[in-house]
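> What follows is a structure written as structure tokens; I'll ask about it next.
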Amino acid sequence: MLARRRFLLASAAAVGVAALLAVKTGVLPAAAAGRRVFSKGESRLVQSLGEAMFPEPNALGVAPSQVDFAGVVDELLGDTLDSEIRVVFRYFLRVLDEGTELSRGTGFASLPVEARREVLATWSDNAVVPRRMMHDLFRLVMGMAWFNDPAVIAAIGWRAECARGSA
């Protein structure tokens, strides 16, 4: 009974904080020049998120600075994924940044990579379901960007070829 009550209180608190932050920060900014979805600040935030999720060194030997996370995610949200995900992803970015500001005194993108990784580890905790859901959406979309990057595809060794028959 106590565990359920704690879960409900934590979930309600997380949703309340997310709603408060969304109201506090107001309307989403317009897309920056050359972007379909992200403002300049959001682009910086997405790039810093990618750097934290796929740090150096990694098994593929691809530095996160080689991957244009902001550009690829902007394209995914603008062209491929549902328009509802676009809005949700942007507000989740805002919650991540404002929450980090509240807890660490500075925005997410301003933290060193290791501190960003600590923030993401906290967000991955199952104890606060709404926060974990935000983390999982970030992981899904950022993973799509990472594995669609030409440098990562080349490092994996994957080639897109049609099978040739021996006719």
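> Give, rounded to the nearest 20 debye, the magnitude of the charge dipole that the range 57-167 has about its Cα centre when Lys and Arg contribute +1 at Cβ and Asp and Glu contribute -1 at Cβ.
Dipole size: approximately 240 debye.
> Return the long-range amide H neighbours of PHE38 (sequence gap of 5 or more, or a different chain), with a cut-off of under 5 Å between placed amide H atoms.
Those qualifying (amide H under 5 Å, at least 5 residues apart or on another chain) are ALA32.
> Students often check this: by mean Cβ neighbours within 10 Å, which of 129-138, 52-61 ranks highest, and how do the rest follow?
129-138, 52-61
> Quick one: Karplus J couplings for the range 32-49, per residue in order, coefficients 6.51, -1.76, 1.60, θ = phi - 60°, nearest Hz, x for Gly and Pro?
With coefficients 6.51, -1.76 and 1.60, one gets 6, 4, x, 10, 8, 10, 7, 6, 4, x, 5, 4, 4, 5, 5, 4, 5, 5 Hz.
> Over the alpha carbons of the range 66-163, what is the largest minus smallest coordinate on each principal axis, giving the biggest first in Å?
53, 30, 25 Å, listed from the longest principal axis down.
Laboratory data are not the source of any read-out in this text; all were calculated from the coordinates shown. The model shown is predicted, which means the values in this text are computed figures rather than measured ones. Glycine gets a Cβ as well: all are built from the backbone with ideal geometry, and neighbour counts include every protein chain shown.
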